[in-house]
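The values are calculated or read from the model by the stated rules, or taken from the named source; none is laboratory data. Computed from a prediction, not measured in an experiment: that's the story for all the values here. Don't worry about glycine lacking a Cβ; one is built from the backbone with ideal geometry, like all the others, and counts go over all protein chains shown. Please note that ligands, DNA and RNA were not included when accessible areas were found on the heavy atoms of the full protein model with its side chains. Shrake-Rupley method; radii C 1.70, N 1.55, O 1.52, S 1.80 Å.
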Amino acid sequence: MSIPSLTLPVTAEPGALLERARRLAALVLAPAANATDQAEAVPREHIRALADAGLLGIATPARHGGHGAPPRVAREVLEILAGACGVTAFVQMQHATAACSLIARGDNEALKARVLPGLAAGERFCTVGFSHVRRPGPPMVRVELDGDLVRLDGTVPWLTGHGIADDAVIAGTLPDGRLMYVLTPLQAGDAIAASPPLRLSAMNASATVSLTLRDLRVGPEQVIATVTREQQAARDVAGLLTPSALSLGAAGAAAALLAALAERRGSAHLAGAARALEGEREAARAQVDAWADRPEAEGYAEQAVGVRALCIDLGVRAAHAAVAATGGSANLLDNAAQRLFREAMLYSLTSQTRDLQAATVQRLLDRGGGARS
């Protein structure tokens, strides 16, 4: 299909970014969402449209060629995109609010100046592979210093956007236990071997693979930062609420689907359900906004985990309601309700920490009257 022009000047205000996100969602992403869900990868036209709308550089500081939008605006954009096409929103998040933000917060000023303008403009697309550093046990990626170079060996079990992304931010563990983040091109070669695309129940079009690193060597100019385990844990907690926007996007799309069914069938019951779920979404978003920008506040960690679990629960419940109301046709792979249900399930696992895992399970138990252990 023809992609409408959504090009933005680099000085776009937050309101303009949000309007372009809504237009992109309505005109490009939503009409193709079910087809994109079943594709081998997110269409490159979607990535180009995101870049033209300024949504790949939304969180990158203005001094490095981005829009420097406030986190609340970046979350709202992500929610809008997720409500239209979950897999496109997911890969946008890897680039805009994960990779670019990691580089921008890093210690390597020369690297920021060299790569961020191109990434913000969408001239190159970047993904991330670092969820494995949260896992207990022996490091999955080991980092060793070799003279002026850094050598990485091991397995990155999850990397989204292979074949779309030009570069990746990868993390590994140094001998002293600290974590090092590096930026590397994803070019084929002996040092980086990608598995076939993993078969996923949700967002198969994310082109997710595992990477085997064999003597991958990068220079100091590609090192983003080195952090302790304690610093990493603090970063995880501080960023815990960003993916809530994905769940809220799924909930909003499910409520809209219920409202459309209600109008078509003349059902007051479904209309009431749609209004109730939309009310829950607005209340949940208010809680996210109340806490997300205050990671230093007393009680933040506990509150953030609880609010994120609430959003996960809401997204799954709303999508389940859409499936139930749709009826038997919701079992077809080209039906939006089942797609939203699978996407909402995946958001239960996105950026998951042990505390979030426990809080999500406990919330489900509490909702069914289960005892707290």
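Annotations for the structure displayed:
- Extension gain (nm, one decimal) between L145 and Q187, 0.36 nm per residue minus Cα-Cα: 12.9 nm
- Labels on offer are (1) 25.4; (2) 19.2; (3) 20.3, and the one holding mean projected area of the Cα convex hull in nm² computed from this structure is (2).
- Fraction of accessible area attributable to carbon and sulfur, the range 230-363 (%, probe 1.4 Å): 55
- Highest average packing first - 108-119, 24-35, Cβ atoms within 10 Å: 24-35, 108-119
- Cβ crowding within 10 Å averaged over residues, with 274-286, 66-78 ranked highest first: 66-78, 274-286
- At an R0 of 25 angstrom, the distance between the Cβ atoms of S195 and A358 translates into a FRET efficiency of 0.25.
- 10 Å binning of all Cα-Cα separations within the range 229-314, expressed as whole percents from 0 upward: 18, 40, 23, 13, 5, 1
- Kyte-Doolittle at least -0.5, axis length at least 27 Å by Cα - qualifying DSSP helices, the chain: 244-265, 268-292, 300-326
- Note on the chain: dipole from Cβ charges, positive end direction compared against S206, V182, S329; the farthest Cα belongs to S329.
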